[in-house]
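Beneath this line is the structure, given in structure tokens, with notes to follow.
The values are calculated or read from the model by the stated rules, or taken from the named source; none is laboratory data. Nothing here was measured: the structure is a model prediction, and the numbers come from that model. Don't worry about glycine lacking a Cβ; one is built from the backbone with ideal geometry, like all the others, and counts go over all protein chains shown.
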Amino acid sequence: MLAEVEARTGPLLKVEPAKEGFNSEIAARLFTETGSVYVKGLRADHPRVWTQRREAEVNPYLRGIAPVLRWRIEWEEWDLLGFEALDGHHADYAPGSPDVPKVARLLVRLGEVPCPGVELRHAEQRLERYAAQPDDLAFFAGDALLHTDLNNANVLVGETAQLVDWAWATRGAAWLDAGYWVIWLMAAGGHSPESAESWASKVPAWLDAPKEGITAFAVANANVWEEIGGAEPDPWTARLVTASKTWAAYRRTA
Ligand SMILES: Nc1ncnc2c1ncn2[C@@H]1O[C@H](COP(=O)(O)OP(=O)(O)O)[C@@H](O)[C@H]1O
Ligand SMILES: [Mg+2]
């Protein structure tokens, strides 16, 4: 496999394993004579190997908001993606952080990307089992391209913020990414629901979102995180369970 990679990159000078991100079986920055490349890979028989194709297919539509995919190698038992390596840091979502307005601008720009005609998950299907009532699902449907995993470790901030990890790219209502961001602003940044929603409102689509739709989304995500957390959530997941429940409770009384 090394030979396959070096055929694209030239000789490797150094390999630095990624410190964060626990989904990929291979995640590393490769240093070459001409620069560096970030590689993520899964085995061809991995149940989530379809996410490699999803990332590869959406990438050409994301210029300026995501690193360029330079190559994909599907070779024997491996599926590897080689991205332009970004130097930014993980977004700091805390109130007052200069990263937060940059992420708001990133989401505004993402909202301007027409949804590509590639195979994508559908938001209303992903949330089907979690909505309080079946009628809520219509709120989540739409034809916008969504990222849906606004974990601050998926946002690299330099001069601008860029989004990595498009494994869960989805088609749905245009305001949903701002909604996913609310939960992460609360969980990772410690925002109150009011503060998180005021950042979401920088995204034009949020202002057009039906109020009951936002509430239904908050409730559905509280159910998602409760299921992920199970009986004994790890500290990170516990923060998401609390944030999503707090938001849903706030919406119900707002
Ligand atoms: N193009 C890139 N340049 C630099 N670092 C990256 C790049 N893509 C991802 N990373 C880093 O690797 C981590 C894991 O990558 P990610 O695509 O999120 O994979 P995972 O599916 O494992 O979460 C990210 O949180 C980020 O720190
Ligand atoms: Mg990630």
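This table checks each residue for (1) modelled with pLDDT of 95 or more; (2) within 15 Å of ligand 2 (Cβ to nearest atom); (3) in a loop (DSSP other than H, G, I, E, B); (4) closer than 12 Å to Phe217 by Cβ.
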residue: Thr148; (1), (2), (3), (4): yes, yes, yes, yes
residue: Gln162; (1), (2), (3), (4): yes, yes, no, no
residue: Ala167; (1), (2), (3), (4): yes, yes, yes, no
residue: Ala174; (1), (2), (3), (4): yes, no, yes, no
residue: Gly179; (1), (2), (3), (4): yes, no, no, yes
residue: Ile183; (1), (2), (3), (4): yes, no, no, yes
residue: Ala188; (1), (2), (3), (4): yes, yes, no, no
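Scanning segment 233-254 for residues that are within 18 Å of Glu197 (Cβ to Cβ) and either outside any helix (DSSP H, G or I) or touching a strand residue (DSSP E or B) at 6+ places or on another chain (Cβ under 8 Å) (or both) yields a single hit, Ala254. Within segment 67-88, one or more residues are within 17 Å of the chain's Cα centre (by Cα), more than 26 Å from Glu4 (Cα to Cα) and not aliphatic (A, V, I, L, M).
The residue pairs whose first member lies in segment 19-41 and is on the phi > 0 side of the Ramachandran plot and in contact (Cβ under 8 Å) with a residue 24 or more places away in the chain, whose second member is within 16 Å of ligand 2 (Cβ to nearest atom) and of a type in the set (Gly, Ala, Ser), and whose beta carbons are closer than 9 Å, counting only pairs six or more residues apart or on different chains, are Gly21/Ala27; Gly21/Ala153; Gly35/Ala85. Checking the structure you have, find out if any residue of segment 52-63 is of a type in the set (Asp, Glu), within 16 Å of ligand 2 (Cβ to nearest atom) and within 23 Å of Val108 (Cα to Cα). Within segment 52-63, one or more residues are of a type in the set (Asp, Glu), within 16 Å of ligand 2 (Cβ to nearest atom) and within 23 Å of Val108 (Cα to Cα).
For (1) modelled with pLDDT under 90; (2) assigned to a strand (DSSP E or B); (3) farther than 23 Å from Ala66 by Cβ; (4) not acidic (Asp, Glu), each residue gets a yes or a no:
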| site | (1), (2), (3), (4) |
| --- | --- |
| Ala7 | no, no, yes, yes |
| Lys14 | no, yes, yes, yes |
| Ala27 | no, yes, no, yes |
| Phe31 | no, yes, no, yes |
| Tyr38 | no, yes, no, yes |
| Asp45 | no, no, yes, no |
| Arg48 | no, no, no, yes |
| Glu55 | no, no, no, no |
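Considering Ala238, Ala161, Ala222, Ala231, which residue is under 17 Å from the mean Cα position of the chain (by Cα) and under 30 Å from Ser24 (Cβ atoms)? Result: Ala161 is the single residue among Ala238, Ala161, Ala222, Ala231 that is under 17 Å from the mean Cα position of the chain (by Cα) and under 30 Å from Ser24 (Cβ atoms).
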